[in-house]
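A.B. asks: Handing you this structure, nothing more for now.
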Amino acid sequence: MIAIIGGTSLLDTASFTGWPDATVSTGFGPVVMKRSGDNAVFLQRHGNPCVPPHRINHKANMSALKELGVRKILAINSVGSLKTAIRPGTLVVPDDFICPWHIETFFDEEARYMVPVMDEAFAKDVFGICRMHTRSVRLGGTYVQTTGPRLETRAEIRMLKRFGDIVGMTLASEAALALELELPYASVCSVDNYCHGIREIPLTMDEIFANVAKNARMIERILTTFLNRNAA
Ligand code: HPA
């Protein structure tokens, strides 16, 4: 069983419409996902009704995947770019993340310490699949997670661009929890905008949604190849 986790980039996708809903109960609440037999599940991380990023129940989501016996997770994350060279329309398969201001953990009651390292081999594999569909994809890059739901101020972006390459609101929480559960996790980040202040003109949500729609078909093709290779 493999899992695809999608967010803003896959809110309107038709890729999984034939897959029936399955509800998994966890110690953190029930999680509804779409299931294709014993091969694959698709989890919309924002749920239905859709909750904003700072209210996503990441622990329930990741526990549900563990409960189902998922052996690897491919996440799709919408991001803004901190670097002029990383243009909207590009895909990034990150190899590290920053989120020291909000650390999600299952280790609340016991003194266990995890050293967070993203899965290099899995990321390379995912990069290879992306390359089959586009030349605009980068292997490696640091994802900075902000809390949301508001976007970042220009001053915040001035600070963050010294440390990272892309900004989003979900990957670090998921990747850290997946590591604690020993679930291999890789992400395809869809660069949907330049972060606020990277360009002179102010960022708008309309710009982000327009680029999400532009990138969606390519991401669907990547997911089809990933599923054919891993869930056949
Ligand atoms: N900031 C944070 N999250 C995002 C952005 C952004 O600019 N674009 C898409 N998700």
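A.B. asks: When you go through (1) at positive phi; (2) buried (at least 20 other Cβ atoms within 10 Å of the Cβ) one by one for Ala40, which number turns out not to apply?
C.D. replies: (1)
A.B. asks: For the condition β-branched (Val, Ile, Thr) and surrounded by fewer than 18 Cβ atoms within 10 Å (Cβ to Cβ), what is the one hit in Val51, Val70, Val31, Val93?
C.D. replies: Just one listed residue meets the conditions, Val51.
A.B. asks: Just to be sure, is Asp125 over 29 Å from Arg199 (Cβ atoms) and either crowded, with 17+ Cβ neighbours inside 10 Å or of a type in the set (D, E, K, R) (or both)?
C.D. replies: Criteria met by Asp125.
A.B. asks: To continue, here is another question. Would you please name the residue that is nearest to the ligand (Cβ to nearest atom), looking only at residues in region 160-181 that are under 23 Å from Ala3 (Cα atoms) and open to solvent by 30 Å² or more (accessible area, probe 1.4 Å)?
C.D. replies: That would be Met169.
A.B. asks: Only residues that are open to solvent by less than 20 Å² (accessible area, probe 1.4 Å), more than 12 Å from the ligand (Cβ to nearest atom) and polar (S, T, N, Q): list them for region 182-224, please.
C.D. replies: Ser187
A.B. asks: Out of curiosity, is Ser81 within 16 Å of the ligand (Cβ to nearest atom) and surrounded by 13 or more Cβ atoms within 10 Å (Cβ to Cβ)?
C.D. replies: yes
A.B. asks: What are the residues in region 133-159 that are polar (S, T, N, Q), within 14 Å of the ligand (Cβ to nearest atom) and more than 17 Å from the chain's Cα centre (by Cα), if any?
C.D. replies: The one that is polar (S, T, N, Q), within 14 Å of the ligand (Cβ to nearest atom) and more than 17 Å from the chain's Cα centre (by Cα): Thr153.
The values are calculated or read from the model by the stated rules, or taken from the named source; none is laboratory data. Owing to the predicted nature of the structure, the values given are computational and were not obtained by experimental measurement. All Cβ positions, glycine included, derive from the backbone under ideal geometry; neighbour counts span all protein chains shown. Remember, those area values only see protein heavy atoms, side chains included, never the ligands or the DNA or RNA. Shrake-Rupley method; radii C 1.70, N 1.55, O 1.52, S 1.80 Å.
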